1. Below 10 angstrom from the Cβ of ILE526, what's the summed charge of the other residues (Lys, Arg +1; Asp, Glu -1)?
2. With every protein chain left in place, what is the accessible area per residue of the stretch 91-336 in square angstrom, probe 1.4 Å?
3. Can you check what the net charge comes to around LEU350, using other residues whose Cβ is under 12 Å from the Cβ of LEU350 (Lys, Arg +1; Asp, Glu -1)?
4. Counting DSSP beta bridges with both partners in the stretch 91-336, what percentage is antiparallel, nearest 5?
5. Once you list every other residue whose beta carbon is under 9 Å from the beta carbon of ARG196, what net charge do they have if Lys and Arg are +1 and Asp and Glu are -1?
6. When only alpha-carbon atoms are used, what values of Rg and Dmax, in angstrom, describe the stretch 393-515?
7. Calculate the spin-label point distance for LYS439 paired with PHE258, positioning each point 7 Å from the Cα along the beta-carbon direction, and give it in nanometres.
8. Could you run the Karplus curve 6.51 cos²θ - 1.76 cosθ + 1.60 with θ = phi - 60° over the stretch 292-299 and give me ³J(HN,Hα) per residue in whole Hz, x for Gly and Pro?
Amino acid sequence: MDTFDIFKQLTAGVRFTKKRAAPSSKPNTSNQVKEQPRQLPSASEAAEASESGDECTAKDEFRLLTNVTGTAPTAPKQKKAKKQLSKEQAEQQQRAEQISALRKEHSITVLGKDVPAPISSFDELSTPHFKLLPRLQENLLSYGFAQPTPIQMQALPVLLNNRALMACAPTGSGKTLAFLTPIINGLRSHKTTGLRALVLAPTRELAQQIYRECAELTRGTGLRTHFISKVSEARQQHGPDCKQKYDILISTPNRVRFLLQQQPPLLDFKGIEWFVLDEADRLMEEGQNNFKEQLDEIYAACTHPQKRVAFFSATYTVPVAKWALRHLKNLVRVTIGVQNSATDTVQQELLFVGSESGKLLAVREMVRQGLQPPVLVFVQSKDRAKQLFEELLYDGINVDVIHAERTQHQRDNCVRAFREGHIWVLICTELMGRGIDFKGVNLVINYDFPPSTISYIHRIGRTGRAGRPGRAITFFTQDDTANLRSIAQIIKNSGGEVPEYMLQMKKVRKSEAKMRAKKPLEREDISTKIRPEPRPTPKNFVKLQKIEKTEKVLKQQKHKKHNNLAKNGDSNALRKTKKLAKIKDQIESKVAAKGKAKKPKKSVK
Ligand SMILES: Nc1ncnc2c1ncn2[C@@H]1O[C@H](COP(=O)(O)OP(=O)(O)OP(=O)(O)O)[C@@H](O)[C@H]1O
């Protein structure tokens, strides 16, 4: 009598039901692997194994039905009968275990049915299973990367198998390459039919950066990529008379929507086969001044029945995941590490600076002790960016500033100068918080406390990219304590040290956190100057400057008339002078009135 017969006798008359084991919260721990010889399956073998669903197999578990009354004695603990596996089954099981081990090693978590196996080297992409274009493979290898990053390991096979993807991986972990490679491979060669791939990013700077990477990767493939810089030029580049047809378009939602809304529309998205969102959670944000509405319109214009959709970001919010689950068929979700966490290559510090004026003192002290450029400094608004720029400029620091009020040309120059090392300290707003890949940023200073944990993760992710070490210092004052606890928690989760009291602080209500994310704190101006009189608001200031300039011109005219060099314009000039003097008076009295209502500014010196 073998174990099976004993088991049968003991359980006679008892009904069993089969239940799947609850999914583990930890990635891939269900198939605990004993030390295997570290030989990985080839990509095609691995893909087959995982397509057969092996990595999803949960342990079967028998559960006695509670309402069954039976006379059978309680069965003593039996050893589970070991099923004899065929050679083929044993090989399959071994492959599945290796896949699971590879995922575990790189903290890859997958959700979805029959998720393709990860690759462990770029060479695997040239196997017949993936059919990577030889030229694309060449371009990929020309980067000289030793191996794919974890997100590339898993996202590449998923997208090359034409699955919808929602990918979450830390900042600076190579997500751009993970979505561009499958697009290029899918399109294969140039066609004159028009646009077939659309990549959207929240800022022009990020879209331009993706465009540059795409131009590198498409070298020699014949594929044509376009980046919409100015909508005014788009008519020639995309209008009905345009002869040049592009395959891939990279842009921001507002530019694309504007072109779609023209009559007739300047873009045709019927042929879009690849729809990719970088910084997807930002693009899916709802509400005023957010992208969701524009995105809905653009998505609706992409009517190709087989379009592939991919979302990438370092952070995700619940509504985005819900949207993806509702709208995307055959979705695979990939997470590297812990969702919504900071990259562990950044050494993070929180620095109490007492008050607003303490921030300037802290920066100056850091400069005195020796800053290691390049340094990025984040402030919460363009006005504050301008103020800090003025201060640091007078300190003789090689500094520049980038914000939405600067012209596109100025913004481009600024980014270029920072990339090339001509600028050492770049002051920026949230505009540069996401996606921008400045190589080798040594330090990020959060001069103004980030409005949310999501913003914190992206801002500090401008350093410590592609496995390099980085450092981030976040200033805080008494006014910033509301978000302090959650950011301290992020630091702790990524291996940093924070004082215990911060973790014990009271949690803020969700509604308050949301409000803070939308509306930053009002802060005292950044200034060390003693200003006896309030400064005019920037708008009035520009107006006054203009008036003063015109007055100067009129004065010159008057002088010319006096010398009999000009015969006209005398009465005109007089009238104009009077009018300007009146406007000037009005502005100055307005500014003075505002100043009385305001608190007098504190000064550091
Ligand atoms: N396999 C790789 N090995 C080493 N470096 C890589 C690899 N793939 C990409 N990189 C480099 O890593 C850097 C960051 O890549 P990328 O900008 O795509 O990051 P990201 O994940 O999109 O970051 P973010 O979330 O901040 O947008 C780039 O400079 C890129 O060239």
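The values are calculated or read from the model by the stated rules, or taken from the named source; none is laboratory data. Because the structure is a prediction, the values reported are computed rather than measured. For neighbour counting, all protein chains shown are included, and Cβ atoms are generated from backbone atoms with ideal geometry for every residue, glycine included. Side chains included, ligands, DNA and RNA excluded: accessible areas come from the protein's heavy atoms. Shrake-Rupley method; radii C 1.70, N 1.55, O 1.52, S 1.80 Å.
1. Numbers: positive: LYS359, ARG384, LYS386, ARG523; negative: GLU356, ASP383, GLU390, GLU391, ASP448, GLU524, ASP525.
Result for the local shell: -3.
2. Details: 10090 Å² over 246 residues.
Result: 41 Å² of accessible area for each residue.
3. Working: positive: ARG485, LYS492; negative: GLU349, ASP480, GLU497.
Value of the local net charge: -1.
4. Values: 4 of 29 bridges.
Percent antiparallel among DSSP bridges in the stretch 91-336 is about 15.
5. Working: positive: LYS191; negative: ASP247, GLU273.
Local charge sum for ARG196: -1.
6. In order Rg, Dmax, the Cα atoms of the stretch 393-515 give 16.0, 47 Å.
7. 3.3
8. 3, 4, 4, 5, 4, 5, 5, 4
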